[in-house]
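The values are calculated or read from the model by the stated rules, or taken from the named source; none is laboratory data. As the structure is a prediction and not an experimental result, all values here were calculated from the model. Note that each Cβ is placed from the backbone with ideal geometry, even for glycine, and that neighbours are counted across all protein chains shown.
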Amino acid sequence: MPLSTSAFSSMSAPLRASQRIEPQPKTADVVLVRGERSREARILIIDDHEANIEALSRILRSAGFVSVNSTTDPMNGVTQAQTWQPDLILLDLHMPGLDGFGVLDAIRPQLAGGYLPVLMLIADSSDDTKRRALAGGVRDFLTKPFDATEVLLRVENLLETRSLYTTLEQRVAERTRELEDAHVEILQRLAAAAEFRDDETGEHTQRVGRLAALIAEQMGLPAATVDNIRRGAPLHDVGTIGIPDSIMLKQAALTQEEQRIMRTHVTIGARMLAGGRSALVQTAERIALSHHERWDGKGYPDRLAGERIPIEARVVAVADFFDALTHKRPYRPAWPLQKTFALIGDESGGHFDPVVVTALLTLRRSGIEFLD
C-alpha cells in the first residue's frame, strides 16, 4: 500500500539538511555498533510503490548498508530472491497481481533452505493477517508509516539472527564432517588391515580411490559425486575383514565353497557401512555391495545389469579390476599395462560399462600415470 503523503512528503524529494533522517543519537549508536559487521548484508525491498522503496532505501543507506536492491514488480522480486540470494527481504503485503503472500509461496524453497528472514511491510495489522504471514515464513513486521529507528532496529535484529543461524549451521556442518571423517577413517583402517593380507604394500585401496575419481571426472560426473567416489572407493573391499585367511591367502584355485564364502565380502562390507546418514557413507555402501556386479547381469550378489548397477560401483569395478591385475598378488605376478588395457577393452559391454571403459582408455591416451 502507498505511504501517506503527509508522513513521507519529505522523503519523496531531495532531503534538505534540516530534513535528513537521523535516528536518535543513543539508539543510532547502539544500532550501528551492534550491526557494524552486517553492513555488507544483501537487502531486497519488494514494494509496488516507488515512494516506499525510496524511503526505506534512504533509511538503510544512511545507516551504512551498501547492498540494497529493490523492485516494484513482485515477479521480478521473486526472481531476485532466487538469483541474488539476499540476506533479508523487506516485502510489501498488498500488491497488485502477486501480493506478499503469493511472493512467500513462490520463494518457499529459499525460505525452507535456511534462515532467510522476511520483514513484511503492512498497514493492515489485523491478527488474522499476521498469523497468516507468520505461517508463510515472515519473521517480523513493519507498520506503515515507517519510523527510521524502528526500521533499523528490526533489520538489525533479523540480520543478527541470520548471522547466528549461519554460524551455528557452519559449526554443525564442520562437526558433522569431522565425525564423518572419523567414521570413514576407522573403516579405511579396517580395509587397509584386510588389504595387507592380499597386497604387500597395503596401497591397493587408495590407488583404486584415486583412479576411480579420475575416471568419474573424465566421465563428467558432478564434483560432489567425484569426491564421494574418491573417498568411498577405498572401502570397496572393507568386507574382506570377515573372510578367513585360509581363503584370502590361498595361492591355489578356490573351491566352489570357498568362492561362495569369498563373495560374501560384498554383503559383509555393505552391512558394515549400512545406515550412514552422509552421502559419502551411502556412496561407500553402494560401492561395497555392487562393485562385483557386471554390465551383462552375470555378476554378484544381485545379478544387476546395465544402469541398474549404481554408477559409483560401475566406476570402481573398472578401477579395482585394473589395479588388481597390474599389481602383484600372492597367487600371481602383475600383468603388463598393454595386456590389461586390452582385456578391459574386450570386456566393454560385457563385464564393464562401456562408458566407464571409454573414460579409462581416454585417460590412457592423455598420458595419465596409472601406477602411482
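Tabulated data
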quantity: For Arg271: the one exception among (1) within 21 Å of Ala212 (Cβ to Cβ); (2) in a helix (DSSP H, G or I); (3) not small (Gly, Ala, Ser); calculated: (1)
quantity: Selection count, region 225-261, where residues are modelled with pLDDT of 95 or more and among the aliphatic types (A, V, I, L, M); calculated: 3
quantity: Within region 274-302, tally of residues that are among the aliphatic types (A, V, I, L, M) and assigned to a loop (DSSP other than H, G, I, E, B); calculated: 1
quantity: Hits in region 36-82 - residues which are farther than 22 Å from Gly97 by Cα and among the charged types (D, E, K, R); calculated: Glu36, Arg37, Arg39, Glu40, Arg42, Arg58, Arg61
quantity: Residues that are without any contact (Cβ under 8 Å) to a residue 24 or more places away in the chain and either outside the structural domain of Ala233 (by TED's automatic domain parsing) or in a helix (DSSP H, G or I) (or both), drawn from region 323-363; calculated: Leu325, Gln338, Lys339, Thr340, Phe341, Ala342, Leu343, Gly345, Asp346, Thr358, Leu361
quantity: Only listed residue being at negative phi, touching a residue at least 40 places away in the same chain (Cβ under 8 Å), in contact with a Gly (Cβ under 6 Å, 6 or more places away or on another chain) and not aromatic (Phe, Trp, Tyr), chosen from Asp296, Asp320; calculated: Asp296
quantity: Filter result for Leu158 (assigned by TED's automatic domain parsing to the domain that holds Ala55, in contact with a Leu (Cβ under 6 Å, 6 or more places away or on another chain), touching a residue at least 12 places away in the same chain (Cβ under 8 Å) and assigned to a helix (DSSP H, G or I)); calculated: yes
quantity: Residues within region 264-300 that are surrounded by 17 or more Cβ atoms within 10 Å (Cβ to Cβ) and among the charged types (D, E, K, R), tallied; calculated: 4
quantity: Qualifying residue in region 240-257 (condition: under 31 Å from the mean Cα position of the chain (by Cα) and of a type outside the set (A, V, I, L, M, F, W, C)); calculated: no
